[in-house]
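Below: the structure, in structure tokens.
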Amino acid sequence: MGIYILMIILGWGNIYAAVYNEDHPSILDFSQKYGKQMMFVGGAFLIAIIILIIDESFYTTFAWGIYGIAILTLISVLFLGTEISGSKSWFRFGSFGVQPAEFAKFATCLALSKFISNTNIKLRDQRTKVIAAAIILIPAVIIVAQKETGGALVLLSFVFVLFREGLPVYYLLFAISLLCTFFISLVYDSTVLLIVAISIAVLVFFISKKSGKNLLYIILGLSLAIGIIFGAKEGFEHFPKHQKKRVNVFLGIETDKKDKAWNETQSLIAIGSGGFWGKGYLQGTQTKYDFVPEQETDFIFCTVGEEWGFVGSLFVIVLFATLIIRLVLMAERQRSPFSRIYGYGVASVFLFHMMVNIGMTIGLVPVIGIPLPFFSYGGSSLWAFTILLFIFLKLDSRRLQILA
Amino acid sequence: MKQFADRKYIFIGLVVIVSFLYVVRLFYIQIIEDKYQLDAKNQAFRFPTDYPIRGYIYDRKGKLLVYNEAAYDLMVTPKQVTKELDTNDLCGLLGISKEMFLKKIEKARQAPNSPRKPSIFEKQISAKTYAALQEKLYKFHGFFVQSRTLRKYPQNTAAHLLGYIGEVNKNITDKDPYYKDGDYIGISGIEKAYEKELRGIKGKKVIMVDVHNREKGSFENGKYDTLAISGQNLTSSLDAEMQLYGEQLMQNKIGGICAIDPSTGEVLALVTSPSYDPNLLVGRSRSTNYSLLARDTIGVPLFNRALMAYYPPGSTFKLINALIGQQEGILFPETRYPCARGYPVMGGRPACHAHSSPLDLMGSVQHSCNSYYAFTFRSIIDNKKYRTTEEGYKAWREYVLSFGVGKKINSDLPQELKGFVPTVEYYDKYFGKNQWKSSTIVSLSIGQGELGVTPLQMANIMATIANRGYYYIPHVIRYVGDKKYIKPEFTKKNYTKIDPKYFDVIIDGMEQVVQAGTGRIAKLDSISVCGKTGTAENPHGKDHSVFVAFAPKENPKIAIAVLVENAGFGAAWAAPIASLMIEKYLTGKITRAELEKRMFEGNLIKDKDKVEEKKR
């Protein structure tokens, strides 16, 4: 709770710095983004209070209902939404917009928790795996259709939850290695990779138990890898253009400073120029003078890095790490599986957001447009994270009353 | 599902590892790598130079001789120019072609310029273009305008003396770190001599710009900015009216005038003819005009004759020999020498004109007797107290040098030359050791031979005689700055090796030259002018017309030397011009309109051209 309020305050302060405009210094000027964000923060507090008042059984009971509404909204935005910078994921109301994808997170999380917490369910069952995957993938696919890949990728972070609930470890490793193979095959020559993949397969074959089942797995894995190696470039060609660009830039295939890698280069310059102590609040030249694009949303961490330096960046990262670890520990102390699963879901989403968002600003992760929780400008994301977090806080506060 | 509870450690481990990795990365980019700091500085800051205002130059009456006019340079940092640049728009504004544009950008990229540093794209754009450009500048990434000043010469006079400024070259920037590429520096005249006083001190600003290259104000409220300190104004000793008058008198003639105030050493006018309009050597058209002027080999308008041309002083030099003779104790006012239409001892060489004979010292000045000075000169050199000709000659040469001839006077004009008085070594080489005697070099007695004296030096000799034995170093700047600083070397008296008592008889003789001698045409009713004509033989053509004078006789206010090339007798052109100058300066008006008109209209260059043509 304390971390939440601290983050919201810091977050607002940074938005103020990022879009700081000498003509409108008033913090309540609603024509400016910090004025609006101030309003969103007020709304977030209101939402938090409402959530804490509602009985916790509401969330368990209506988990499927909320999930259903979320899916419907996601579909309807495909047809009724407004297109903003290539993504059709917004409902517009006057000067404000709502992004349903943000709210799909907690809905999916609730549904997943509801499903897995059912006492008859075991993740070792093939049927269970398929349904769990479906719960995650249905909204994810719709969000991809909105050309908002970042938001879809976030949902995949629920794999962590499944993993905690007993999904065999090799599913996780398998998913990670597939992703890595995909990226690597875009950069390196296919034949070289083919030789490497076969070598690994042979190696695994010799060190593992020589059973028919293992052999089958190895052959399956190898053929999948070969499929990706040759399919990646082909399939990549069919990627939406702006995402192809992002990936290419990250992989270093295209390095035009002025154009494609501009975001990342500017982001690095802004953060890198912060030094140890930073340039001081409102003193950042790179962020304040618009060198960093989307600096108040996806690239908000640049403002932290430039104005507060290494010290401030370290503080923010530690803050997030503390929040996530605290969430994990809180989840572990729940009696009800629903609360625990939900808690893990929250932790996973936060981890993914923090990892990808900060990672991309410091050039360790491809540029994927997802916000930094509580820091990035935007009502939808702020409220969605607030709902996500506070449902868990409510569940946690009632943990002794909820039966296992 | 407690059976998988240990998996929380994997999750927590992941959080810790990711955070740790990120912190390490941040540590690297924020603390170890400083490239980002540099990049940030380069793109968010501009470091425009605050150019100081170059000092103005006034004449002795407070008339403005040189001032500044604003001009604007368009600067470019090639690396910041984006592909989105509307080249057509920019080229249209500047009135240049696309090819020209690319050429200029390429020039800005290459050494000594750099793609990362701003360099001049278009020099001195007009105020009108600047206004149009200013509005659209935000669209042209990588471009900005730097203002600077151009020199203007409202009096349209004294081009050689004032000099001009020009862009520094690599030689200068390598030697003096104050100057950066594109800076201006005084190249000749006063602009060069007083460069340090005039230029002031440059200031530096640190300005922040946003991604659209719009200025966002000073960095840290100007904490790192330094203000430019304006250059100091100079008050010249020149009288602009006199200078212009002298230039008009010298129109269509080749030669020089130098007028000095003997009581201070201040140069009142320094005319070189032919001259040019100083405004030609300013701004964008400077190089074109410069080569045009430089190509004129007949007039050689860029050559500062008043300071740099060596002329034989002719008969005017007799005054110095007369003074040396007295000082050496071999010549007295009563001394008389015969003349037989020439120096009788050497069979009538050097020759002389008809006059009564024998003459005394004063008469010899008045009538400019060549024979008299041949006797005098040989007596000086062959004086018994010197055992050899060389020793006698050395002694004579020392006297001459004390008049500021044959050595630099150290005036404040950088082009000033030494003049030439042959050394013993020179004659030894020319004639062979012990192969020359006083008779060999007797032409020195009448200011001929190898002697080379500049108009400035001639005027200085006049000032020395007017002062009865000393001179102040001639200078063209009276005061530096508003506090009226005078360089101390200009207030010191420089004495000749001649006792003041020997001057009076010479001055009386000079008065007679104008009253009833060779220089009668220079006579003024109201003022007693002391002068001496000279007709300098010249191996290249017609004799040069020379006249030196000072006035009034008591408490002299002006000493003047006039030299007109290939104009014949001193009395023909040089004397009237000198006389008109003196009258103008001392009385402020001209009583002899007829004479003035003749001088204004006299065209000697035309005649010279005809001579040149005949030669061909």
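FYI, it's all coordinate maths here, none of it is from the lab. All figures in this text were calculated on a predicted structure; none of them were measured in a lab. FYI the Cβ positions are ideal-geometry reconstructions off the backbone, even for glycines, and counts take in every protein chain you see.
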Out of segment A:146-174, which residues are of a type in the set (A, V, I, L, M, F, W, C) and within 14 Å of chain B (Cβ to nearest Cβ)?
A:PHE158, A:VAL159, A:PHE160, A:VAL161, A:LEU162, A:PHE163, A:LEU167, A:VAL169, A:LEU172, A:LEU173
Out of the residues in segment B:56-79 that are more than 15 Å from B:LEU268 (Cα to Cα) and of a type in the set (Gly, Ala, Ser), which is surrounded by the fewest Cβ atoms within 10 Å (Cβ to Cβ)?
B:ALA70
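Give the residue, chosen from B:LEU65, B:LEU26, that is among the aliphatic types (A, V, I, L, M), out of contact with any Pro (no Cβ under 6 Å at 6 or more places or on another chain) and more than 30 Å from B:GLY203 (Cβ to Cβ).
Matching residue, one of B:LEU65, B:LEU26: B:LEU26.
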B:TYR184 meets each of (1) surrounded by fewer than 20 Cβ atoms within 10 Å (Cβ to Cβ); (2) more than 19 Å from B:GLY481 (Cα to Cα) with one exception, condition (1)
May I ask you to say which residue of A:SER381, A:SER313, A:SER376, A:SER348 is over 25 Å from A:GLY274 (Cβ atoms) and either in contact (Cβ under 8 Å) with a residue 12 or more places away in the chain or within 10 Å of chain B (Cβ to nearest Cβ) (or both)?
A:SER348
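Taking segment A:137-172 as the search range and keeping residues that are among the hydroxyl-bearing types (Ser, Thr, Tyr) and in contact (Cβ under 8 Å) with a residue 60 or more places away in the chain, which one is farthest from A:LEU351 (Cα to Cα)? If you could, list the steps in order and put the result at the bottom.
Just the residues of segment A:137-172 that are among the hydroxyl-bearing types (Ser, Thr, Tyr), to begin with: A:149, A:157, A:170-171.
In the following step, the residues that additionally are in contact (Cβ under 8 Å) with a residue 60 or more places away in the chain were identified as A:149, A:157.
On the way: A:THR149: 17, A:SER157: 8 Å.
Here the residue is A:THR149.
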Six or more apart or on different chains, Cβ under 9 Å: which pairs go from a residue in segment A:192-203 that's part of a helix (DSSP H, G or I) to one that's of a type in the set (S, T, N, Q)? Could you list them?
A:LEU193/A:THR181; A:LEU193/A:SER185; A:ALA197/A:THR181
Segment B:32-52, residues that are of a type in the set (Asp, Glu), facing chain A (nearest Cβ under 7 Å) and surrounded by fewer than 17 Cβ atoms within 10 Å (Cβ to Cβ)
B:GLU33
Can you give me the number of residues within segment A:362-373 that are within 14 Å of chain B (Cβ to nearest Cβ) and touching a Leu at 6+ places or on another chain (Cβ under 8 Å)?
3
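With respect to A:GLN286, is the statement that it is crowded, with 18+ Cβ neighbours inside 10 Å and in a helix (DSSP H, G or I) true? Steps first, please.
On the way: crowded, with 18+ Cβ neighbours inside 10 Å: yes; in a helix (DSSP H, G or I): yes.
Judged against the criteria, A:GLN286 is a match.
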Please return the ranges of helices (runs of 4 or more DSSP H) entirely within segment B:122-191 where 1 or more residues are over 30 Å from the mean Cα position of the chain (by Cα).
B:127-136
What are the pairs with Cβ atoms under 8 angstrom where one residue, in segment B:19-31, is at the interface with chain A (Cβ under 7 Å from one of its Cβ atoms) and under 8 Å from A:GLY272 (Cα atoms) and the other, located anywhere, is among the polar types (S, T, N, Q) and part of a helix (DSSP H, G or I)? Sequence gap at least six, or different chains.
B:LEU26/A:SER313; B:GLN30/A:SER313
Take the conditions closer than 30 Å to B:LEU198 by Cα, in a loop (DSSP other than H, G, I, E, B) and within 21 Å of the chain's Cα centre (by Cα) and apply them to B:LEU417. Does it pass?
yes
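Just to verify a result, which residue in segment B:556-591, among those that are of a type in the set (Ser, Thr, Tyr) and within 26 Å of the chain's Cα centre (by Cα), is farthest from B:THR454 (Cα to Cα)?
First pass over segment B:556-591, keeping only residues of a type in the set (Ser, Thr, Tyr): B:579, B:585, B:587, B:591.
From what's left, within 26 Å of the chain's Cα centre (by Cα): B:579, B:585.
Details: B:SER579: 20, B:TYR585: 22 Å.
Looking at residues that are of a type in the set (Ser, Thr, Tyr) and within 26 Å of the chain's Cα centre (by Cα), I get B:TYR585.
For segment B:83-95, enumerate the residues that are surrounded by 13 or more Cβ atoms within 10 Å (Cβ to Cβ) and either among the hydrophobic types (A, V, I, L, M, F, W, C) or not in a helix (DSSP H, G or I) (or both).
Applying the first criterion (surrounded by 13 or more Cβ atoms within 10 Å (Cβ to Cβ)) to segment B:83-95 yields B:85, B:87, B:90-91, B:93-94.
Result: B:LEU85, B:LEU90, B:CYS91, B:LEU93, B:LEU94.
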Could you say whether any residue in segment B:43-52 is more than 30 Å from A:GLY275 (Cβ to Cβ) and either touching a residue at least 24 places away in the same chain (Cβ under 8 Å) or in a helix (DSSP H, G or I) (or both)?
yes
Taking A:GLN334, is it under 30 Å from B:SER218 (Cβ atoms) and either at the interface with chain B (Cβ under 9 Å from one of its Cβ atoms) or outside any helix (DSSP H, G or I) (or both)?
no
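State whether the residues of segment A:391-400 include one that is in contact with a helix residue (DSSP H, G or I) (Cβ under 8 Å, 6 or more places away or on another chain), at the interface with chain B (Cβ under 10 Å from one of its Cβ atoms) and either charged (D, E, K, R) or farther than 30 Å from A:TRP64 by Cα (or both). Break it down into steps so the answer makes sense when it comes.
To start, the set of residues in segment A:391-400 that are in contact with a helix residue (DSSP H, G or I) (Cβ under 8 Å, 6 or more places away or on another chain) comprises A:391-397, A:399.
Now restrict to residues that are at the interface with chain B (Cβ under 10 Å from one of its Cβ atoms): none.
The answer is no, given that none of the residues of segment A:391-400 is in contact with a helix residue (DSSP H, G or I) (Cβ under 8 Å, 6 or more places away or on another chain), at the interface with chain B (Cβ under 10 Å from one of its Cβ atoms) and either charged (D, E, K, R) or farther than 30 Å from A:TRP64 by Cα (or both).
If you scan segment B:431-450, which residues turn out to be in a loop (DSSP other than H, G, I, E, B), of a type outside the set (D, E, K, R) and over 14 Å from B:ILE320 (Cα atoms)?
Of everything in segment B:431-450, those that are in a loop (DSSP other than H, G, I, E, B), of a type outside the set (D, E, K, R) and over 14 Å from B:ILE320 (Cα atoms) turn out to be B:GLY432, B:ASN434, B:GLN435, B:TRP436, B:SER438, B:SER439, B:THR440, B:ILE441, B:GLY449.
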